[in-house]
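Written below as structure tokens is the structure these notes are about.
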Amino acid sequence: MAADQEIQIADDGTAEVSMTAARANLTRLIRTVREDDRPAAFTERKERRAYVVTPDFYEQAVKDRGLVAQLERAINDGATEEEQVAIGLRLFRVAFPSRH
């Protein structure tokens, strides 16, 4: 296999593999994500097209996005500053569970 078809680690720590080489490297890519606890990306023409993340990462991202959307709605719906702060605190507690 050519070197450009191997899994490469980008500057941001993301493991990358081309779409062409994905089938041959899929098991290894998933293992890298799980063992190194870092995301991986499928690339096409050197651009990232899709990511592989651990279930914990994905579940946390879904929770985080839900809280951010809730805060955006509160701001757009005219929530008081106190209500916005309360929502922001919930977001902080979810994002940083060991700091509260």
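Nothing in this text is a laboratory measurement; each read-out follows from the coordinates by a stated rule. Note that the structure is predicted; figures quoted are calculated from it, not measured. Heads up, the Cβs are rebuilt from the backbone with ideal geometry, glycines too, and the neighbour counts pull from every protein chain shown.
Go through the stretch 17-38 residue by residue and tally those that are of a type outside the set (Ser, Thr, Tyr), surrounded by 19 or more Cβ atoms within 10 Å (Cβ to Cβ) and touching a residue at least 24 places away in the same chain (Cβ under 8 Å).
So the answer is 1.
Of the conditions (1) part of a helix (DSSP H, G or I); (2) under 22 Å from Val17 (Cα atoms), Arg90 clears all except one; give me its number.
Here Arg90 clears every test but (2).
Among the numbered conditions (1) touching a residue at least 12 places away in the same chain (Cβ under 8 Å); (2) surrounded by 15 or more Cβ atoms within 10 Å (Cβ to Cβ), tell me where Ala79 comes up short.
Evaluating Ala79 over (1) touching a residue at least 12 places away in the same chain (Cβ under 8 Å); (2) surrounded by 15 or more Cβ atoms within 10 Å (Cβ to Cβ) leaves (1) as the failure.
Name the one entry in Arg49, Arg65, Arg73 that is part of a strand (DSSP E or B) and loosely packed, with under 13 Cβ neighbours inside 10 Å.
Only one candidate passes the filter, namely Arg49.
Looking at (1) touching a helix residue (DSSP H, G or I) at 6+ places or on another chain (Cβ under 7 Å); (2) loosely packed, with under 14 Cβ neighbours inside 10 Å; (3) closer than 22 Å to Val94 by Cα, which one does Thr54 not meet, given that it meets all the others?
With (1) touching a helix residue (DSSP H, G or I) at 6+ places or on another chain (Cβ under 7 Å); (2) loosely packed, with under 14 Cβ neighbours inside 10 Å; (3) closer than 22 Å to Val94 by Cα applied to Thr54, the lone miss is (2).
Residue by residue through the stretch 6-16, note down the ones that are touching a residue at least 12 places away in the same chain (Cβ under 8 Å) and assigned to a loop (DSSP other than H, G, I, E, B).
Glu6, Ile7, Ala10, Gly13, Thr14
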